[in-house]
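A.B. asks: The following block contains the structure, expressed as structure tokens.
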Amino acid sequence: MIRTYRKDEHKAGFIGIRVAVMVNSKLMQKYYSFKSTDQSEDEILSDAKSLHAKWMMEKNLASSKRDIAAKELRRVSSPFSTGIKGIKFRISHNTCYFYVQGMTNKIRFHKNFSINKYGYEMAWFKACEFLQKNKDYSLFDSIYKNIPVKERLLIAFRYLYFTQKQQVHIEAIAPLISEDILVAWLKQLLTQFKNNKPFKAEVLKYMSDHNIKDSELLSMT
């Protein structure tokens, strides 16, 4: 919120601009007085808007962290689950896939569809199409419309990297997840696995390769 107070509008007699934003249930606020500065009202308003934009970014980032936590706590049958039987997530080194597998007439079928190559939605379409063809499903639309959220890839990555100790890289998921959510998630992992030096090096490489300038994330590595 940005509010300008004129004479007699503030009960304490303040004349100027107040900036206030709730970030993680904490009130962030600052008062810009028209009386105690040589700046013009337009200049003060510009400063107030810049601060408001900065605090709103922090608020949105905090909200992203909560969203990620909620998604990761969701009950799933497997860290690779997409919610559709026969299609799972796979991550190998620098690439994410939809992996389709099953059996028809005692004949097994399986195929990978690269998310990094085709894009998330097209790879999902191809995976659903392949599953339908081999299982003779008549409900393609009902399968396709249940596309899983991209953030489920974070669950698969965490499981492979920290539990299975496999060589998967942030580069596999970086192009698919929005930067603010990915950075917030990396901070969560660095807090949880703060003594994992290889992962810190992985994060530093990601920051360097993508010119990420987040002082908090950098301090955690």
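A.B. asks: So what are the ³J(HN,Hα) numbers for region 102-116, from phi and the Karplus equation (6.51, -1.76, 1.60; θ = phi - 60°), rounded to whole Hz, Gly and Pro as x?
C.D. replies: After applying 6.51 cos²θ - 1.76 cosθ + 1.60, I find x, 9, 10, 6, 6, 10, 7, 9, 6, 6, 9, 10, 5, 6, 5 Hz.
A.B. asks: Roughly what would the spin-label model give for S33 and K200, points 7 Å off Cα along C-beta, in nm?
C.D. replies: 4.5
A.B. asks: How many angstrom separate the Cα center of region 1-41 from the Cα center of region 154-187?
C.D. replies: 41
A.B. asks: Using the heavy atoms of the protein chains and a 1.4 angstrom probe, tell me the accessible area per residue for region 78-188 in square angstrom.
C.D. replies: Heavy-atom SASA per residue in region 78-188 reads 53 Å².
A.B. asks: Another question, if that's okay. Counting Lys and Arg as +1 and Asp and Glu as -1, what is the net charge of the other residues whose Cβ lies under 11 Å from the Cβ of E9?
C.D. replies: Charge balance near E9 sits at +4.
A.B. asks: Could I ask something else about it? Of S33, S219, which has the most accessible area and how do the rest follow, probe 1.4 Å?
C.D. replies: S219, S33
A.B. asks: Among K85/K117; K117/K150; K165/K213, which pairs are too far apart, with a Cα-Cα distance over 20 Å?
C.D. replies: K85/K117; K165/K213, as the Cα separations exceed 20 Å there.
A.B. asks: Over region 73-221, with every protein chain in place, what whole percent of the accessible area is carbon and sulfur at 1.4 Å, could you tell me?
C.D. replies: 49
A.B. asks: So, by mean Cβ neighbours within 10 angstrom, what's the order for 156-168, 38-50 with the highest one leading?
C.D. replies: My ranking of the peptides, most packed first, is 156-168, 38-50.
A.B. asks: From the protein chains alone at 1.4 Å, what is the descending order of accessible area for E151, E129, largest first?
C.D. replies: E129, E151
The values are calculated or read from the model by the stated rules, or taken from the named source; none is laboratory data. Quick caveat: nothing in here was measured; it's all calculated off a predicted structure. Every residue, glycine among them, receives a Cβ derived from its backbone with ideal geometry; neighbour counts consider all protein chains shown. Keep in mind that these areas ignore ligands, DNA and RNA; they rest on the heavy atoms of the full protein, side chains included. Shrake-Rupley method; radii C 1.70, N 1.55, O 1.52, S 1.80 Å.
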